[in-house]
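The structure appears right after this line, and notes come after that.
The values are calculated or read from the model by the stated rules, or taken from the named source; none is laboratory data. All values reported here derive from a predicted model rather than from experimental measurement. Note that each Cβ is placed from the backbone with ideal geometry, even for glycine, and that neighbours are counted across all protein chains shown.
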């Protein structure tokens, strides 16, 4: 397990390296450290601006080699979002290191968790929150598949689909309470009276009666959260959603 000191020293080293890399025009601390919310378990997040977009492949290659040679990285993978490439490393001490690279023209805060270290950043452009309609759509799609999976006796897949219903209902609850929605970050900040209503939607064993029970509960909490967002839409969806839980009950 890494220590906060190891994480801090690595951050300082990478920022120093960035300041000496002439291909880079800016750097920022991102994630929890940018807003002084870092704790014992936080990972390390940095963002870098590349002067010339054509240098991106070479920059990624050089920085990746550095992470493997100097810090014995075990593995890495990329997450791409727009012009950004997030290269995510796992170190032997289990520290996750996220290094984001983007052409200088797109180097800007995408959330409040962005603290410029050197160079210049463009005007902030915070990512739009998830659209309620899209979340509701994903939830009823999971519900359709939960029904068919239970009917087909595909218990593991049914559990996956029921969890999808519950998780999207959770997102709606977080939106309602103005909490973060990505990766479950806002869930533990929900009022206990709200979060407690989701507990019964946890699948406790893989058999048909239990899957049917949790399916009904998950659909119920989903309908509640849809209603809190949009009464008209809830009115349209409630009957067919509840019907889904009945049509597979006799399997």
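All of 53, 73, 49 fail the test of being in contact (Cβ under 8 Å) with a residue 12 or more places away in the chain and within 24 Å of residue 182 (Cβ to Cβ), apart from 49. Taken together, 21, 13 contain a single residue that is touching a helix residue (DSSP H, G or I) at 6+ places or on another chain (Cβ under 9 Å), surrounded by 16 or more Cβ atoms within 10 Å (Cβ to Cβ) and more than 24 Å from residue 111 (Cα to Cα), which is 21.
Is one or more of the residues making up segment 31-45 closer than 17 Å to residue 109 by Cβ, part of a strand (DSSP E or B) and under 27 Å from the mean Cα position of the chain (by Cα)? Within segment 31-45 (the criterion being closer than 17 Å to residue 109 by Cβ, part of a strand (DSSP E or B) and under 27 Å from the mean Cα position of the chain (by Cα)), the answer is yes, since at least one residue qualifies. Which one is farthest from residue 34 (Cα to Cα) among residues in segment 61-88 that are in a strand (DSSP E or B) and more than 17 Å from the chain's Cα centre (by Cα)? That would be 75.
Matching residues to (1) in contact with a helix residue (DSSP H, G or I) (Cβ under 9 Å, 6 or more places away or on another chain); (2) farther than 16 Å from residue 8 by Cβ:
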{"position": "30", "(1), (2)": "no, no"}
{"position": "36", "(1), (2)": "no, no"}
{"position": "49", "(1), (2)": "yes, yes"}
{"position": "63", "(1), (2)": "yes, yes"}
{"position": "110", "(1), (2)": "no, yes"}
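Residue 243 fulfils the conditions (1) farther than 30 Å from residue 113 by Cβ; (2) at pLDDT below 95; (3) not in a helix (DSSP H, G or I) except for a single criterion, (3). Taking the numbered list (1) touching a residue at least 24 places away in the same chain (Cβ under 8 Å); (2) touching a strand residue (DSSP E or B) at 6+ places or on another chain (Cβ under 7 Å) in turn, residue 79 passes all entries but (1). Count of segment 140-161 residues, restricted to those that are closer than 22 Å to residue 187 by Cα and either outside the structural domain of residue 212 (by TED's automatic domain parsing) or touching a residue at least 40 places away in the same chain (Cβ under 8 Å) (or both), is 3. For residues in segment 89-98 being in a strand (DSSP E or B) and out of contact with any helix residue (DSSP H, G or I) (no Cβ under 6 Å at 6 or more places or on another chain), which is surrounded by the fewest Cβ atoms within 10 Å (Cβ to Cβ)? The qualifying residue surrounded by the fewest Cβ atoms within 10 Å (Cβ to Cβ) is 96.
From the residues in segment 162-188 that are outside any helix (DSSP H, G or I) and without any contact (Cβ under 8 Å) to a residue 12 or more places away in the chain, which one is nearest to the chain's Cα centre (by Cα)?
185
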